[in-house]
Amino acid sequence: MLEKLKIRIKSLSLASKIKSVVFIVLGFLAAVLLIIINETVSKLYDQHAAQYWDENNNAYQITLLFDEEAKVNNDTVMELMHNYTKDLKATIGGASFINTENEDSSYADYAYMAEGNVSLNFESRNVSSIKTYGVSGDYFLFHPYEMISGSFFDKDEFHKDCVVLDENTAYSLFGSADVIGMTLYAGDVPLVVKGVYKAFETKYDKAAKGFETLSNAVVLENGSVSEAAMDCLIYMPFDTLCALSGDKNITCLELVSVSPSESFMYNKITEKMQSYISHMEIVKNSSRFGIGNMFSVVNMGAKRSMHVNKIDYPYFENVARAYEDVIANYYILVFVFSLIDTVLFVSFLHHKYVNRKIHFSTVVDKYERLREKMRQSGNKQKKKWEHF
């Protein structure tokens, strides 16, 4: 078999050999790119809350991003969740895929945040104007950080004055990450360290957090830049941030819900938030890396780089948008490679058809001869036994 294959390869013309090599290489590259796309998307953990929340794949995730003029607060969120869940129950009732173990969260769950800056001190050490996210709801569901020590906030702890530090802040203030239960201060307000997390370290994280552009930098009295504050991002309960920095408007609301479809969830949320429509942006997280959305990203072209609204994206949304661009480009390459391979394959089939040694009429003629031969053979057998 191998010898026959070698003979066939040797009999190919140089042009045919080149086409064969190109076909194989491009097919291999397309497959590799698809694997890279799948691996990249799977590591964007904050885009997969629906999968963590409902293992039966009946849930979808949507993010609402607001500008400061929207004036979204906790009452807005509670009203939205009440009205949306009411409509959802009326539509799907007690469907078999509802997780009754989740009690009140059996239909939908949420988390929201606002951004501020807080200065922390411990004994003689202090870090000024640290970028701080004030959060509430099931935030860890949407952002499952790797905890170095301790844990993230539980739902029952959002009324407490506690804080979750990133690794850089913990070392800047304490010289260690093993600081659970320690008390530090934001001005005169004591905050208990609940946990220390390890930030995701993709190549876009620092840029998305503003660390590379000095947007989170603090200039000290001597004119130098506080390196400690630049690389820090901490979390505290939403109400605690409001108490320290003044009332804050919610700038990001993340939702996960069982639903008949992603479109149903999107349409219902849009309907309930109609009065905020000019001050918000909606992201369909569950399908954002699908081929359909990737086509939209490509179709936007240079316009996608324009930021014409007043919404300040949280860092994780900026990271996701960066990967949308990267993956869209990967899909372009996959499409081009697949198109070239398709042309080569069609060309191969056409060449085989034009240079075929057996024609259709020949095959039909052989079939008819075989059929006649079998008929005559049957007649002979029949005559042979007709006298018995």
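The values are calculated or read from the model by the stated rules, or taken from the named source; none is laboratory data. Keep in mind that this is a model prediction, so the values were computed, not measured. FYI the Cβ positions are ideal-geometry reconstructions off the backbone, even for glycines, and counts take in every protein chain you see. The area values use the complete protein model at the heavy-atom level, side chains included, leaving out ligands, DNA and RNA. Shrake-Rupley method; radii C 1.70, N 1.55, O 1.52, S 1.80 Å.
Of everything in the range 23-40, what is β-branched (V, I, T), open to solvent by 80 Å² or more (accessible area, probe 1.4 Å) and at pLDDT 95 or above? Give them in sequence order.
I35
Which pairs do you get when a residue that is more than 17 Å from Y139 (Cβ to Cβ), found in the range 27-54, comes within reach of a residue that is open to solvent by 30 Å² or more (accessible area, probe 1.4 Å) and assigned to a helix (DSSP H, G or I), reach meaning Cβ atoms under 6 angstrom, with the pair 6+ apart or on two chains?
Between residues of the range 27-54 that are more than 17 Å from Y139 (Cβ to Cβ) and residues that are open to solvent by 30 Å² or more (accessible area, probe 1.4 Å) and assigned to a helix (DSSP H, G or I), the close pairs are L29/F337; A30/F337; A30/S338; L33/Y330; L33/L333; I37/Y330.
Under the condition of being assigned to a loop (DSSP other than H, G, I, E, B) and open to solvent by less than 20 Å² (accessible area, probe 1.4 Å), which residue from the range 279-328 is modelled with the lowest pLDDT?
I311
Do we have S20 as among the small types (G, A, S), open to solvent by less than 90 Å² (accessible area, probe 1.4 Å) and either modelled with pLDDT under 90 or more than 24 Å from the chain's Cα centre (by Cα) (or both) here?
It is true that S20 is among the small types (G, A, S), open to solvent by less than 90 Å² (accessible area, probe 1.4 Å) and either modelled with pLDDT under 90 or more than 24 Å from the chain's Cα centre (by Cα) (or both).
Pull up the range 115-157, narrow it to residues that are open to solvent by less than 20 Å² (accessible area, probe 1.4 Å) and in contact with a Cys (Cβ under 8 Å, 6 or more places away or on another chain), then point me to the one that is nearest to V283 (Cα to Cα).
G134
Mind counting the residues in the range 302-354 that are free of Cβ contacts under 8 Å to residues at least 40 places away in the same chain and of a type in the set (S, T, N, Q)?
3
If you check every pair at least six apart or on different chains, which have Cβ atoms under 7 Å apart with a residue in the range 140-156 that is among the hydrophobic types (A, V, I, L, M, F, W, C) first and a residue that is part of a strand (DSSP E or B) and open to solvent by 50 Å² or more (accessible area, probe 1.4 Å) second?
Pairs that qualify, where the first residue is among the hydrophobic types (A, V, I, L, M, F, W, C) and the partner is part of a strand (DSSP E or B) and open to solvent by 50 Å² or more (accessible area, probe 1.4 Å), are I148/K198.
Would you point out which residue out of L339, L344 is farther than 28 Å from V163 by Cβ, touching a Lys or Arg at 6+ places or on another chain (Cβ under 6 Å) and not aromatic (F, W, Y)?
L344
With the checklist (1) open to solvent by less than 40 Å² (accessible area, probe 1.4 Å); (2) among the charged types (D, E, K, R); (3) farther than 24 Å from F140 by Cβ; (4) in contact (Cβ under 8 Å) with a residue 24 or more places away in the chain in hand, flag the one item E254 doesn't pass.
Answer for E254: the failing condition is (3).
For the range 258-278, what are the residues that are surrounded by 13 or more Cβ atoms within 10 Å (Cβ to Cβ), under 26 Å from Q51 (Cβ atoms) and not basic (K, R)?
Once the filter is applied, which keeps residues that are surrounded by 13 or more Cβ atoms within 10 Å (Cβ to Cβ), under 26 Å from Q51 (Cβ atoms) and not basic (K, R), the range 258-278 yields V258, S259, P260, E262, F264, M265, Y266, I269, T270, M273.
Going through the range 75-115 one residue at a time, which ones are within 19 Å of F238 (Cβ to Cβ) and either hydroxyl-bearing (S, T, Y) or at pLDDT below 90 (or both)?
T76, S105, Y110, Y112
Of all residues being aliphatic (A, V, I, L, M) and open to solvent by 50 Å² or more (accessible area, probe 1.4 Å) in the range 329-349, which is modelled with the lowest pLDDT? Just the residue, please.
Per the criteria, the residue is L349.
How many residues are among the hydroxyl-bearing types (S, T, Y) and either modelled with pLDDT under 90 or over 30 Å from the mean Cα position of the chain (by Cα) (or both) when one looks only at the range 222-258?
3
Kindly establish whether F264 is assigned to a helix (DSSP H, G or I) and on the phi < 0 side of the Ramachandran plot.
Yes, satisfied.
Give just the number: which of (1) part of a loop (DSSP other than H, G, I, E, B); (2) in contact (Cβ under 8 Å) with a residue 40 or more places away in the chain does Y276 not satisfy?
(1)
Okay, residues lined up against (1) exposed (fewer than 14 other Cβ atoms within 10 Å of the Cβ); (2) at pLDDT 90 or above:
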site: D166; (1), (2): no, yes
site: A170; (1), (2): no, yes
site: V179; (1), (2): no, yes
site: L184; (1), (2): no, yes
site: G187; (1), (2): yes, no
site: V196; (1), (2): no, yes
site: E201; (1), (2): yes, no
site: K206; (1), (2): no, no
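Taking S136 as the residue in question, decide whether it is farther than 15 Å from A199 by Cβ, among the hydroxyl-bearing types (S, T, Y) and under 27 Å from the mean Cα position of the chain (by Cα).
Spelling it out, S136 is indeed farther than 15 Å from A199 by Cβ, among the hydroxyl-bearing types (S, T, Y) and under 27 Å from the mean Cα position of the chain (by Cα).
Being open to solvent by 40 Å² or more (accessible area, probe 1.4 Å), assigned to a loop (DSSP other than H, G, I, E, B) and over 23 Å from K272 (Cα atoms) is the filter here, so list the residues in the range 45-76 that pass it.
E55, N56, N57
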